[in-house]
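The values are calculated or read from the model by the stated rules, or taken from the named source; none is laboratory data. All figures in this text were calculated on a predicted structure; none of them were measured in a lab. Because the Cβ atoms are built from the backbone with ideal geometry, glycine has one as well, and the counts that use them run over all protein chains shown.
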């Protein structure tokens, strides 16, 4: 968070108006649930029954609660037409909330991922997404589910919003911090233009310092 606040301060010094407390009127947990449900319902289409059953069994094996990824994904892969229609209606309400936000602001800046670059982790067993359930990311000093990496990109994706990734020039533990600029629906050129203006004003990507043994 400190790195993004420093980036915001740099933008302000460059002359950009920055509001650090502005937020769309959405429930972020609901948005995340919607994204996970729609994503895994879409990618489960055509999966063999054996993998659907394995997904349901994994939800029992990991027992991370109703909002854990194993449980949410197990529910998603079995969603039928009526449930999908309800999700689409919920998505439209979410999109309208974002549209109201963009009546006042050009872009919103968010993290791209909950961490900077992390080591490749091939651990876990089971097919496809199930192997990821055992993996963990270290976020703010605590171990969090590996699939938490979906949360920030899903924020824009589930609302059909364009987003452009750009460097901030900030570093955490020697690794570069990026940010995504999310723009209004169908205004793909808005976050792209913002990224271009940032590059012109602040410069482009800055390589991280070499580490010992690199």
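Odds and ends about this structure:
- Boolean, residue 62 is within 22 Å of the chain's Cα centre (by Cα) and surrounded by 11 or more Cβ atoms within 10 Å (Cβ to Cβ): no
- Sole residue being more than 23 Å from residue 155 (Cβ to Cβ), at pLDDT below 95 and either in a helix (DSSP H, G or I) or out of contact with any strand residue (DSSP E or B) (no Cβ under 9 Å at 6 or more places or on another chain) (or both), chosen from 47, 4: 47
- Criterion violated by residue 105 - all others in (1) under 19 Å from residue 72 (Cβ atoms); (2) in contact (Cβ under 8 Å) with a residue 24 or more places away in the chain; (3) more than 14 Å from the chain's Cα centre (by Cα); (4) part of a loop (DSSP other than H, G, I, E, B) satisfied: (1)
Quick grid of which residues meet (1) assigned to a helix (DSSP H, G or I); (2) without any contact (Cβ under 8 Å) to a residue 40 or more places away in the chain:
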| position | (1), (2) |
| --- | --- |
| 78 | no, yes |
| 97 | yes, no |
| 159 | no, no |
| 177 | no, no |
| 184 | no, no |
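- Any chance residue 35 is buried (at least 17 other Cβ atoms within 10 Å of the Cβ), at pLDDT 95 or above and touching a helix residue (DSSP H, G or I) at 6+ places or on another chain (Cβ under 9 Å): yes
- Residue 56 vs. criteria free of Cβ contacts under 8 Å to residues at least 40 places away in the same chain, surrounded by 15 or more Cβ atoms within 10 Å (Cβ to Cβ) and in a helix (DSSP H, G or I): yes
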